[in-house]
Every structure is written in C-alpha cells, then in structure tokens.
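This report concerns only the one structure given below.
The values are calculated or read from the model by the stated rules, or taken from the named source; none is laboratory data. Not measured: the values here are computed from a predicted model. Using ideal geometry, Cβ is built from the backbone for each residue, glycine included, and neighbour counts are taken over all protein chains shown. Ligands, DNA and RNA are stripped out before the accessible areas are found, and what is left, the full protein with its side chains, is counted by its heavy atoms. Shrake-Rupley method; radii C 1.70, N 1.55, O 1.52, S 1.80 Å.
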Amino acid sequence: MQTGQAQIQIENVSRLFGSTAALDDVSVSLRKGEFSVLLGPSGCGKSTLLRLIAGLDAQTSGAIRIGGADVGGKAPSLRELSMVFQSYALFPHLTVLENIVFGLRVRGVAKAERMKRLDTVAAMMGLSQLLARKPSELSGGQQQRVALARAVISERPICLMDEPLSNLDAKLRADMRVELRAIQQALGLTVVYVTHDQIEAMTMADRIIVMNAGRIEQVGTPEEVYARPATVFTAGFIGTPPMNLFPVALFGGRHGVPPGTGKHLVGLRPEDLFLAETGPEAELRGVEYLGADRLVSARLGGTDFILRLPASAAPPPARFALGWAPERQSLFDAASGQRLAGFDFASPSPTKKDFTHETA
Amino acid sequence: MNRRTWIHAWLMLLPAFVFLIAFTHLPAVTTLIDSFWTTGKGRRAAVFTGLGNYRKMLEDPIFIKAMVNSAVYAAITIPASILLSLAMALLVHRSFRGVSLMRMAFFTPTVLPLIAVANIWLFFYAPGFGLIDQIRLVVGLPSANYVGQPDTALYAVAAVTIWKEAGFFMIFFLAALQTIPQSLREAAAIEGCGRWTFFRLVTLPLIMPTTLFVSVNAVINAFRLVDHVFVMTKGGPDSATMLLLYYIFETGFRFWDTAYAAALTVVLIAILSVVGIGQFFLADRRVHYK
C-alpha cells in the first residue's frame with residue numbers, strides 16, 4: 001500500500017463538554033499506511049479525538065473525513081475501522097476464539113471463511129495454543145494479543161489504538177512496541193495510536209501529533225519533533241530529560257543568537273551541551289549517574305539546566321564553561337512560545353536519538 | 001489450638017448457637033418427627049402413624065388443589081417477575097431526564113409492606129368503583145370481580161406478587177448491568193453489533209449469575225409470600241387461591257391439626273430444596289462467574 005495519501009482528515013473539529021473544550025478547532029490529516037501517534041499529557045484531548053474518529057462520540061463542530069467521505073453521523077461499524085481499547089474490552093464469557101471472530105460472526109461472515117481467517121491471524125499473533133481459553137485465564141500480554149487479533153482479523157484498513165500498552169509491564173511493553181510496528185508495516189495498516197508515553201511515540205510513529213489542552217502543538221516525524229520542536233510545550237514535553245530553555249540574554253550575540261533582552265528563549269537538548277574552553281560560566285548542582293552517561297544538573301545565571309555527558313568523561317568541576325552545538329539550537333518567542341524558524345540553521349543535522357537509558 | 005482457646009471459642013459461639021438451635025434447627029427436626037405422628041388430642045395422646053399423614057394428603061382434595069394452585073402461581077409469578085424486572089432494569093439503565101424518579105417508582109412496591117400492597121390492590125380490583133372497573137366501564141366493558149371469581153382470583157393474587165417483586169429484582173439486574181464495562185459496548189459497536197445481538201451475545205450471558213440468584217429468590221418467594229392471600233382472599237373463593245403455605249397455616253393454626261401441618265411443611269421444604277438445588281446444577285454449566 002502506498003503512503004502519502006490522506007486517509008483521515010480532521011477539519012476544524014471542536015468537541016465541547018459543557019463550556020470546556022476538550023478539542024478546540026483541531027485540523028490534521030493522517031496519511032494512508034502510516035503509523036500516526038497522538039501524543040500528549042492527560043486531558044489534552046487525544047482520546048477524545050480518537051473516539052470522534054471511531055464514531056463513539058460526536059464532535060460539536062467541524063468535519064471528519066475517512067477516505068475522502070464525510071463520516072459525520074455514520075455509525076462506528078460503517079467507518080471501516082477497527083479499534084484496540086486500553087482495557088482490551090474482551091468479552092469475559094467468550095473464549096479467545098469466540099472473541100477474535102466475534103465481529104465476523106455478528107457481520108454474518110460464513111463459518112468456513114471465519115475459521116480460515118482465524119487460523120492465519122492466530123498463527124500471526126502466537127495465539128493458536130490459547131484459542132479455547134477464557135480471557136481471565138490469559139496474562140496481560142496475551143489478552144493484548146487477543147485484542148489485537150480481533151482488530152486484525154476484521155481486515156479493515158484503519159486501526160485505532162487507545163493506549164493499548166499502558167497495562168503491560170515495562171519489558172513486555174518494549175517487546176510489543178516492536179511487534180505492533182512490525183504488524184502495522186506488514187499489513188500496511190493506517191494506525192492512529194493514542195499515548196502519553198513519548199517512548200512509544202518515538203519508537204513506533206511515522207508521524208507524531210503532539211497535543212496539549214485541546215490543540216495540536218506540532219505534527220512531524222519523531223526526528224522533527226525531537227530536534228526542532230515547534231513550541232516551548234513540545235520542547236518541554238518531548239525528551240527525558242526535556243529540552244533546556246535559556247533566556248536569550250545568557251547567550252546573546254553568539255552563534256547567530258540575536259542579541260536580546262529576554263524576549264526569546266534558546267532551547268538546547270542536554271546532549272547538545274558540553275564542557276568548553278570558553279563560554280558562559282555555569283555552576284555545578286549535582287550529577288546523576290545512568291551507566292552509559294551522566295546527567296549533570298547545573299545553573300547558568302539563574303536558569304537550572306541539565307546536560308548529558310558520556311560516563312567515560314570525568315565529572316565536571318564545580319564551575320565550568322558551557323559550550324553548545326549551535327546548529328542544534330532552537331529559538332522560541334518567549335511570549336507566544338512559538339519556534340522562530342527564521343533562526344534555524346539551514347541544514348538540520350538530525351540529532352542522534354538515544355533512548356536506551358530513558359525510563360519507559 | 002490448645003484447650004483454653006477451644007473453650008473460649010465455644011463460649012463465644014454459645015449465644016448464637018442457643019438461638020439458632022432453639023428457633024431453627026430444633027423446630028425443623030421436631031417438625032419432621034411430628035409429621036410421622038398423629039395430632040395429640042385431650043383424650044388421646046399422639047400415636048405413631050408412619051407415613052399416615054402423607055398418605056392422607058393424596059386423598060385430601062384441598063391439598064391437591066393447593067399443590068396445583070402453587071404450581072400455577074409459581075409458573076406465572078417467577079418468569080413474569082424476572083422478565084418484568086429485567087425489562088425495567090434495561091429501561092432505567094440509561095441516563096435521561098427523570099431516570100432516578102423512574103427507578104424510585106419501580107422500587108417503591110418493595111418498600112411497602114405486602115399487607116398494605118394487598119389493600120391497595122383490593123381497591124384496584126373492587127367491583128363497581130375500583131380502578132380497573134372504572135377503566136372497564138369507560139371502555140364499555142361490564143363490571144368484573146377479579147378477586148371474587150374462582151376462575152380469576154389466583155391470577156389477581158399473582159399480579160400483586162409480580163408487582164411487588166419486580167422492583168426488588170430490578171435492583172439486582174441494574175447492579176449487574178452496571179458492572180458491564182462501557183468499552184464492551186463500544187467494541188461491539190465498532191464490530192457492527194446491533195443492540196439486540198449485543199444483548200443476546202454479551203449482556204445476557206454476563207448477567208446470568210444475577211439471573212440465577214434472582215430466580216432462586218423468586219422460587220422461594222413464590223412459596224413463601226402469602227401475606228396478601230390473608231388480606232385479599234383467605235384462600236377462597238372455593239379454595240381458588242389456596243396456596244401450600246396458606247394451607248399449612250390453616251391446618252396448623254386454625255384447625256390445630258399440627259401433625260398434618262408438619263407433614264405439609266416437610267413437603268414444602270422438600271419441594272424448595274429440590275427446585276433450588278436443581279436450579280444450581282442446571283444453571284451452573286451455563287453461568288459465567290468472573
């Protein structure tokens with residue numbers, strides 16, 4: 001399946017609950033065959049948006065198009081999509097087999113066809129040995145697979161996932177991330193995936209939609225979102241630890257940073273900072289040893305920040321000169337929080353991601 | 001455990017034990033024993049008759065009538081009250097304006113004493129000026145005496161039971177329905193599962209434990225609740241509403257044939273045990289417990 005074509009279009013969608021807006025004039029288009037992740041903190045409206053796409057809730061205003069057709073007022077089952085729920089939503093009284101083919105059964109798919117598809121899907125998900133069990137006799141990871149199998153067997157082109165991995169332990173979650181991505185790629189599914197976990201977003205997404213307070217902050221590839229956050233919110237939300245934000249006065253006049261009085265903010269990732277020969281003098285506050293590297297907390301002119309140093313390097317002295325990679329700096333307007341793209345270096349050298357030490 | 005703790009434990013249990021034995025177990029055993037003896041009179045002490053009392057039942061037309069009536073009464077009230085309560089629970093298991101008022105209205109009959117309920121219904125049924133007759137007269141039907149006619153009296157009494165019980169059972173069904181997660185409904189909706197299909201494939205199996213519980217209660221109540229018979233018909237007319245428990249009361253405390261009443265009681269308990277145990281064994285295979 002080719003990618004690029006818009007599969008789901010969200011046009012000026014708002015959803016009000018009483019007078020509070022869970023979604024406030026949101027527009028975004030999700031492409032066919034892509035893994036799109038709706039990422040944001042609790043209450044940012046990401047689940048609401050997913051439920052609107054599914055048809056489980058109706059928007060207050062705006063339009064949602066799937067495959068070009070406005071689906072307003074269309075029942076969830078007519079939208080040609082499947083969904084994996086956070087709680088898995090397995091039917092507790094039915095066996096794994098019955099759970100997986102539930103949808104085919106209520107849609108009147110012939111039994112031979114049901115069993116044929118079941119064999120393929122069960123083999124793919126490694127569920128062939130568990131078909132006679134009840135959901136309560138399965139582990140969390142196995143239940144998750146059943147929920148996924150139920151979505152896959154429908155053979156619908158779109159799959160919506162609402163924090164499907166949040167009930168699994170860390171190890172299993174890491175395995176499932178890889179597996180989910182592999183399934184999506186193999187089947188060419190258009191996936192819309194809701195999570196508040198940036199590791200999930202970074203590792204699986206073709207495109208991340210960062211949301212905050214009912215609005216979209218940024219749409220971009222994981223690299224774009226990480227290296228060139230569009231807003232101060234994204235800069236602070238993506239990355240563990242997040243991007244450091246310095247008032248421009250501390251760096252003014254160097255490396256293309258406009259001399260300023262504090263109306264702008266300079267954003268720098270912890271790994272884009274290093275100990276230099278000369279530069280603004282920072283004061284050491286503490287060191288956190290993570291194995292492969294050290295997270296150094298320090299203060300520069302009243303601003304606390306964190307820099308990441310390889311553990312092989314010696315810990316910094318009490319006072320040190322701070323250097324940074326200018327081509328990786330981000331400049332934000334302090335008042336609006338928006339990125340000032342005019343100051344971006346011409347060729348962004350994508351920052352190498354390293355998530356090995358991040359906690360999931 | 002050492003001796004002292006044992007003595008302590010028994011001493012603690014003693015008060016409850018005394019009451020349980022005195023008022024439950026001892027009477028039950030005595031009833032069983034009494035049922036094999038004749039009723040003692042002033043002139044003649046009780047004599048052992050073996051199964052005499054039970055043989056007497058087979059030739060007792062009122063007992064036969066009471067058994068038939070009880071069977072009909074159970075066959076009507078049990079399914080009707082369960083179906084009605086489930087329907088009411090489904091109706092109020094939603095949110096709309098006035099839903100709490102509706103739930104309260106459905107539950108009110110449970111709070112009322114059955115004696116009071118029976119009196120209210122007596123007024124409903126009253127020929128000539130009762131609620132039902134007033135409606136009948138408006139639509140041009142002749143006046144009817146539901147409670148006073150042998151062919152309708154049992155149904156009139158059964159209607160009161162259903163009215164009284166359905167609201168109580170509704171609470172259990174409502175609680176069961178509320179334990180079904182909303183996400184199951186949503187998952188089914190995405191699969192294209194209609195409301196009736198969802199009810200048949202998901203809701204009904206998931207509330208089966210409650211249905212079993214309610215049906216056991218309904219069976220017990222069908223034999224146990226006779227208060228309204230005292231108020232409305234006293235077993236009449238012509239034994240048309242003579243239920244087994246009411247017959248036991250009449251035999252034992254009106255005619256003072258206590259031995260025969262004891263035998264009747266044993267029959268009643270036997271029926272309840274068989275039906276109750278049977279329900280569990282039959283339903284157990286089909287009930288999904290969490």
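Calculated over the stretch A:6-233, the projected area of the Cα convex hull averaged across directions stands at 12.7 nm².
When only alpha carbons of the protein assembly as shown are considered, Rg and Dmax amount to 37.4, 125 Å.
Accessible surface for the protein assembly as shown, divided over its residues, is 48 Å² per residue with a 1.4 Å probe.
Hydrophobic long helices, here whole DSSP H runs in chain B with Kyte-Doolittle means of at least 0.0 and Cα atoms spread over 24 Å or more along the helix axis, are found at B:3-20, B:61-92, B:150-178, B:258-284. Taking all protein chains together and a 1.4 Å probe, the residues A:T203, A:T234 rank A:T203, A:T234 from largest to smallest accessible area. Structural size metrics of the stretch B:1-72, computed from C-alpha coordinates, are Rg and Dmax of 20.3, 60 Å. Put B:W196, B:W10, A:W324 in order of accessible area, highest first, and with a 1.4 Å probe you get B:W196, B:W10, A:W324.
For the stretch A:28-143, the direction-averaged projected area of the alpha-carbon convex hull comes to 9.3 nm². For the chain pair A and B, the interface hides roughly 1700 square angstrom of accessible area in total, found with a 1.4 Å probe.
By a 1.4 Å probe calculation restricted to protein chains, A:F343 has an accessible surface near 90 Å², given to the nearest 10. The trypsin sites (Lys or Arg not before Pro) of the stretch B:1-81 that meet both conditions, a loop assignment by DSSP and at most 10 other Cβ atoms within 10 Å of the site Cβ, are B:K41, B:R43, B:R44. Accessible area of A:T231 (1.4 Å probe, protein heavy atoms only, ligands and nucleic acids ignored): about 10 Å².
Looking at the stretch A:102-123, which residues lose a minimum of 10 Å² of accessible area between their chain alone and all protein chains in place, measuring with a 1.4 Å probe and not counting ligands or nucleic acids? At a threshold of 10 Å² (probe 1.4 Å), the residues of the stretch A:102-123 that become less exposed are A:F102, A:G103, A:R105, A:V106, A:R107. Taking A:H93, A:H196, A:H264 as the candidate residues, the one with maximal mean-square fluctuation in a Gaussian network model of chain A, Cα springs under 10 Å, is A:H93. Working note: 222 nm ellipticity from helices only, DSSP H runs with n ≥ 4, each -39,500 (n - 2.57), summed and divided by the residues of the protein assembly as shown, gives -14000 deg cm²/dmol to the nearest 500. Treating each Cα of the stretch A:241-340 as one equal point scatterer and applying the Debye formula with no solvent, the log10 of I(q)/I(0) at q = 0.13, 0.22, 0.23 Å⁻¹ comes out as -0.43, -1.15, -1.24. Translational diffusion of the stretch B:1-120 was estimated from the Stokes-Einstein equation, with Rh taken as the Kirkwood radius over Cα pairs; at 10 °C and 1.306 mPa s the coefficient is 77 µm²/s.
Label zone of B:N145 (point 7 Å out along Cα→Cβ, amide N under 17 Å): in the stretch B:241-266 this covers B:241. Enter the mean projected area of the convex hull around the alpha-carbon atoms of the stretch A:85-213, in nm², rounded to one decimal. Mean projected area of the Cα convex hull: 8.3 nm². Note that the stretch B:54-284 carries a Kirkwood radius of 19.7 Å, evaluated over its alpha carbons pair by pair.
Compared with its chain on its own, the stretch B:156-202 contains the following residues whose accessible area drops by 20 Å² or more in the full protein assembly (probe 1.4 Å; ligands, DNA and RNA excluded): B:S183, B:L184, B:E186, B:A187, B:A189, B:I190, B:E191, B:G192, B:C193, B:L201, B:V202.
Interface residues of the stretch A:63-93, defined as those losing at least 50 Å² of solvent-accessible heavy-atom surface relative to the isolated chain (probe radius 1.4 Å), are listed as A:F85, A:F91, A:P92, A:H93.
With each label modelled as a point 7 angstrom along the Cα→C-beta vector, the A:A174-B:W6 pair spans 5.8 nm.
Quick one: among A:A149, A:A321, A:A235, which has the greatest mean-square fluctuation in a GNM of chain A with alpha-carbon springs under 10 angstrom? Most flexible of the set in this elastic network: A:A321.
Computed about its Cα centre, the charge dipole of the stretch A:178-246 is approximately 140 debye, with only Lys, Arg, Asp and Glu carrying charge at their Cβ. Over the stretch B:161-230, the fraction of Cα-Cα pairs per 10 Å bin, rounded to whole percents and listed from the shortest bin up, is 18, 39, 25, 13, 5, 0. The accessible-area ordering, largest first, of the residues B:E165, A:E113, A:E224, A:E155 stands as A:E155, A:E224, A:E113, B:E165, per a 1.4 angstrom probe. Largest mean-square fluctuation among A:M83, A:M202, A:M176, in a Gaussian network model of chain A whose springs join Cα atoms under 10 Å apart, belongs to A:M176.
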